[in-house]
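The values are calculated or read from the model by the stated rules, or taken from the named source; none is laboratory data. Here the structure is a predicted model, which is why all the values come from computation and not from measurement. Note: ideal-geometry Cβ built from the backbone for every residue, glycine included; neighbour counts use all protein chains shown.
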Amino acid sequence: MIIIKLGGSVITDKSQYRKFNRERVSDLCRQIKDSGLDVLVVHGAGSFGHVLAKQYGLQNGFSSEGQIMAAAQVQYDTRDLSQMVVREMIDAGIPAVSVAPGSCFVMDGGRLMANDTEAIERLCRLGIMPVTFGDVVTDRSKGFGICSGDQLMEVLADLFDVKKAIFVSDIDGLYTADPKKDKKARLLGCVDLETLQKIKSESSVDDVTGGVVSKMEAMLRMSTEDRDCILVNGTVDGRLGALLRGETVTCTIARGGMK
Ligand code: IPE
């Protein structure tokens, strides 16, 4: 099985609250369908989650009553987004159903406790793809917290026999430096722990780079001897499909785990 996370930066316009990129999602769903592969999709929240979550500090857990309505609104918005993603999947011929992570999992201190996975496993066995997504989820010690699509990818990788984990984003991969600031920045085709540590020590405190580096760390954690984790640009026409067909495409592969 292959697991794919469609990042919020690809499926939504992150600068505009609740702006869905329908055409792009439709196109990505067709590329997934055309691959004919056994795939499980997770998606991010993009501007359906991050805008309000940031405004109300939801990532830090419960601290004031004022957050409660925001926590409910975010879950409403992410469900809306997920329904739109699943609509595109069904239109592309993929039998899928949206499964809110907070309806089957809880967190504890920010850690996702995916204890009861029976429903998800049963859906898969039926041939229906359970689509989970980044969302607000209740937390045993913090009241609630943010469960990211990346955390769900880690859970799914443990649950199923996953040969490949693909993170679809709006960048080509991991660079040696911030390509917007440094002309000599080079895209890395392959990253192991040693390369990542070098980049981390050399990179300035910058949102874009920091974001990619921590994503790459999560990807390295998920990679094993026989499982590659790949970061690929989903805003480039046909690139995900080419990757799924086994063609060589511009991307960054995290390889070798955290040891
Ligand atoms: C974030 O999930 C969830 C919320 C902010 C509610 P992700 O971290 O997986 O979303 P993206 O891919 O960054 O948008």
> Of 10, 42, 74, which residue is within 9 Å of the ligand (Cβ to nearest atom), at pLDDT 95 or above and not in a helix (DSSP H, G or I)?
Replying inline: 42
>> So, restricting to strands (runs of 3 or more DSSP E) that lie completely within region 108-172, which ones have at least 1 residues that are crowded, with 22+ Cβ neighbours inside 10 Å?
In response: 129-133, 135-139, 143-147, 164-169
>> Checking the structure you have, find out if any residue of region 175-187 is touching a residue at least 40 places away in the same chain (Cβ under 8 Å) and more than 16 Å from the ligand (Cβ to nearest atom).
In response: yes
>> Can you pull out every residue in region 54-71 that is in contact with a Leu (Cβ under 7 Å, 6 or more places away or on another chain) and within 11 Å of the ligand (Cβ to nearest atom)?
In response: 70, 71
> Where residues in region 60-86 are among the polar types (S, T, N, Q) and under 29 Å from residue 29 (Cβ atoms), which of them is surrounded by the fewest Cβ atoms within 10 Å (Cβ to Cβ)?
Replying inline: 83
> Given the residues 138, 117, which is the only one that is hydroxyl-bearing (Ser, Thr, Tyr), within 16 Å of the ligand (Cβ to nearest atom) and over 17 Å from the mean Cα position of the chain (by Cα)?
Replying inline: 138
>> With the requirement that a residue be of a type in the set (Val, Ile, Thr) and either in contact with a Gly (Cβ under 6 Å, 6 or more places away or on another chain) or over 30 Å from residue 60 (Cβ atoms) (or both), what does region 88-137 give you?
In response: 90, 94, 97, 128, 137
>> in a strand (DSSP E or B) and at pLDDT 95 or above: is that true of residue 248 in this structure?
In response: no
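Kindly indicate whether any position in region 21-41 is among the charged types (D, E, K, R) and in contact with an Asp or Glu (Cβ under 8 Å, 6 or more places away or on another chain).
Initially, region 21-41 is screened for residues among the charged types (D, E, K, R), giving 22-24, 27, 30, 33-34, 38.
Subsequent filtering for residues that are in contact with an Asp or Glu (Cβ under 8 Å, 6 or more places away or on another chain) retains 22, 27.
Yes.
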> Does residue 48 meet the test of being more than 12 Å from the ligand (Cβ to nearest atom) and either surrounded by 14 or more Cβ atoms within 10 Å (Cβ to Cβ) or without any contact (Cβ under 8 Å) to a residue 12 or more places away in the chain (or both)?
Replying inline: no
> Can residue 31 be described as buried (at least 17 other Cβ atoms within 10 Å of the Cβ) and assigned to a helix (DSSP H, G or I)?
Replying inline: yes
> So residue 184 clears everything in (1) more than 16 Å from the chain's Cα centre (by Cα); (2) part of a helix (DSSP H, G or I); (3) among the charged types (D, E, K, R) except one condition, right? Which one?
Replying inline: (2)
> Name the residues in region 13-39 that are within 14 Å of the ligand (Cβ to nearest atom), free of Cβ contacts under 8 Å to residues at least 40 places away in the same chain and not hydroxyl-bearing (Ser, Thr, Tyr), would you?
Replying inline: 13, 14, 16, 19, 21
